[in-house]
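First the structure, in the form of structure tokens, and then the observations on it.
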Amino acid sequence: MDNDFCIVRRCLIPADAFILCGCLRAAGLAATVMDDQMQAAFFQAALIGGARVMVPADELAQALEILAAFERGELALGDDDDVGEGARVYEFTPRK
């Protein structure tokens with residue numbers, strides 16, 4: 001079952017899910033956001049369970065490590081960090 005996806009995190013605010021998904025993708029994981037359309041039904045988000053950030057099952061362990069680093073603030077840029085105009089913060093190589 002090569003197509004099995006696992007939930008990394010549920011987010012009541014879809015923007016939060018997309019930020020986390022971006023961090024996972026920047027690390028080279030095949031992350032995706034599901035159920036993000038519930039933005040229109042924000043008050044029902046808790047019933048729906050929020051937007052799901054998902055990765056393939058074989059990438060779950062790495063995704064959880066990245067999530068932990070994200071929650072510790074290790075992926076945050078400082079206020080005085082100069083990333084340059086148009087600079088890429090992370091090296092990202094798409095999978096083929």
Run the numbers for M34 and R10: contour at 0.36 nm per residue of separation, minus the present Cα-Cα distance, in nm.
7.7 nm
If you add up the charges near G49, with Lys and Arg at +1 and Asp and Glu at -1, over every other residue whose beta carbon is less than 10 angstrom from its beta carbon, what do you get?
+1
Could you list which residues have their amide H under 5 Å from that of R9, counting only those 5 or more apart in sequence or on another chain, with H placed in the peptide plane?
V53
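We did not get these values from a lab; they are worked out from the coordinates using the rules stated. What you are looking at is a predicted structure, and each value in this text was computed from that prediction instead of being measured. Note that we place each Cβ from the backbone using ideal geometry, even for glycine, and neighbour counts take in every protein chain shown.
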